[in-house]
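Undergrad: My questions all concern the structure below.
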Amino acid sequence: MKTKLVAVCLVAIIVVAGAAIVFTWNSDDVKGNESSDTVKDMAGRSVEIPDNLDRGIVTFGSVDPLRFVSYFNLNEKVIEVDDGDVTDNKNGRAYSYAYDYDKLTKVHSDNAITSEDVERVANLQPSLVIVGGNVYANYADMVNILAKAVPVFVLKSMSTSAAYWDPATYKLNDDFTQQITQLGIVLKETDRAKELISGFNKYLQELKSMIGTTDEKIITSGLTISGSNPLNVTFPFYAPLEVNGVSNVYNQSKDTKVELDVETVAKLNMTMMLIDPSSSDKIIGNNSSQLVMDYIYGVNNDADPSNDISMYTVLPIVWDGCNWDVSLVGSFYISYLLYDSMSQKDVMNKMNEIFEFFYGSDGSSVISDMSQFFNEKSSKNGVELPLFSQVEIVKNAGGYTFSVA
């Protein structure tokens with residue numbers, strides 16, 4: 001095992017702290033185990049495999065490290081995380097409902113590694129440090145210095161606006177499969193890694209088998225990224241739709257999120273809106289949301305019922321990056337909406353089953369706890385946007401709000 005950080009490493013911090021680091025991913029650099037003692041991480045770095053995790057795991061970066069550790073059910077090994085992992089509202093992070101990370105007392109700044117972090121964590125001597133790809137891209141020098149003292153494994157940040165599955169096979173794509181496999185090796189949890197890959201693939205195959213035909217023209221609305229957003233914000237690529245064989249009715253952009261003006265929204269001729277309830281704080285008093293609601297209210301209350309737009313609340317898939325488990329779970333609810341692929345009871349059972357697959361018995365209350373969170377958040381903001389509900393727009397003296405249909 002590595003020894004504590006020595007003086008020469010601290011000098012190196014001063015030397016390289018101001019250096020600009022440019023980092024690009026190359027999956028060809030990641031080949032698997034180099035030996036029985038080392039493994040390649042997702043940046044192609046050689047990482048010593050710790051003998052055990054008895055001294056705990058430290059994560060850097062809000063995008064993926066803690067999420068993937070949670071998929072491996074190693075929550076009790078986590079000893080230090082980003083401050084936001086403890087203090088932020090849970091929102092769509094299913095793992096934060098399953099595990100009590102908000103009780104951790106050791107934290108560091110979000111999405112950064114400072115020289116002070118390097119020295120402190122090196123002296124802490126955890127068994128393993130896991131770093132998000134977004135952090136490594138900006139702090140590769142600090143990561144590599146810390147790696148002189150303790151094993152440091154770098155993840156790849158997966159794109160929210162791209163499929164995590166191979167559309168040809170409906171199995172996890174190579175990058176995702178490789179990330180889980182390599183993590184399984186460094187964590188000495190190769191059996192769990194195989195379970196995760198197999199489980200993802202099983203549920204993806206189930207979704208594929210239920211794809212039917214639909215005439216619905218669907219827009220996703222009020223989606224969360226970099227905080228909550230008003231109803232005119234959409235994702236041109238929305239994984240829970242795409243995996244069900246349907247694209248967002250607005251897909252003319254490669255950007256992760258797009259802000260649409262109400263004129264553009266009106267021209268989409270949508271028939272269904274899927275609403276992220278995280279947007280409940282961007283409804284009342286928000287001009288963009290109110291303009292969209294004014295348009296829909298007018299359409300839904302004219303003399304022609306054939307042009308009505310139905311509206312449903314769905315699981316929020318993004319908070320601190322994409323929650324891949326939530327995206328998968330939410331895909332089954334959308335399959336139910338589009339294809340009537342299962343009964344309402346069966347789809348709720350399926351969603352609970354998947355969260356239990358990821359988190360064991362700790363996953364059994366994720367949906368109920370998340371539902372309670374969003375019920376309370378919506379109520380606080382003067383709207384009704386409970387999860388898995390059809391909603392309607394109500395006009396009042398102050399403008400428009402939502403209520404359960």
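Where a number appears in this text, it was derived from the coordinates with a stated rule and is not lab data. Everything quoted here is computed from the prediction, not taken from an experiment. When we count neighbours, we look across all protein chains shown, and the Cβ atoms used for this are built from the backbone with ideal geometry, even at glycine.
Undergrad: Restricting the count to DSSP beta bridges whose residues both fall in the range 7-200, what percent are antiparallel, rounded to a multiple of 5?
TA: 35
Undergrad: Moving on. Looking at the range 238-277, which trypsin sites (Lys or Arg not before Pro) are DSSP coil and have at most 16 other C-beta atoms within 10 Å of their C-beta?
TA: K254
Undergrad: Only helical DSSP H runs with n ≥ 4 go in: add -39500 (n - 2.57) per run for the chain, normalise by residue count and round the 222 nm mean residue ellipticity to 500 deg cm²/dmol.
TA: -11500 deg cm²/dmol
Undergrad: Taking the C-alpha atoms of the chain, how large are the radius of gyration and the largest Cα-Cα span, Dmax, in Å?
TA: Final numbers for Rg and Dmax: 22.4, 78 Å.
Undergrad: Given K156/K257; K90/K148; K77/K380; K148/K188, which pairs have Cα atoms separated by over 29 Å?
TA: Among K156/K257; K90/K148; K77/K380; K148/K188, the Cα-Cα distance tops 29 Å for K90/K148; K77/K380.
Undergrad: Counting only DSSP beta bridges with both residues in the chain, what percent are antiparallel, rounded to the nearest 5?
TA: Beta bridges within the chain, antiparallel portion: roughly 45 percent.
Undergrad: From the residues V329, N73, A163, which one has its Cα farthest along the dipole of the chain in the positive direction, the dipole being from +1 and -1 charges on Cβ of Lys/Arg and Asp/Glu about the Cα centre?
TA: Of V329, N73, A163, it is N73.
Undergrad: Counting alpha carbon pairs within less than 8 Å and at least 6 residues apart, what relative contact order, in whole percent, applies to the chain?
TA: Computed value for the chain: 16 percent relative contact order.
Undergrad: If you don't mind, there's one more thing I want to ask. Membrane-span-like helices in the chain: DSSP H runs reaching 30 Å or more (Cα, own axis), mean Kyte hydropathy at least -1.0?
TA: 190-210
Undergrad: State the Cα centre-to-centre distance between the range 132-167 and the range 341-405 in whole Å.
TA: If we compute the Cα centre of each part, the gap is 32 Å.
Undergrad: Can you give me the Cα centroid spacing of the range 38-80 and the range 215-233 in angstrom?
TA: After rounding, the separation between the Cα centres reads 33 Å.
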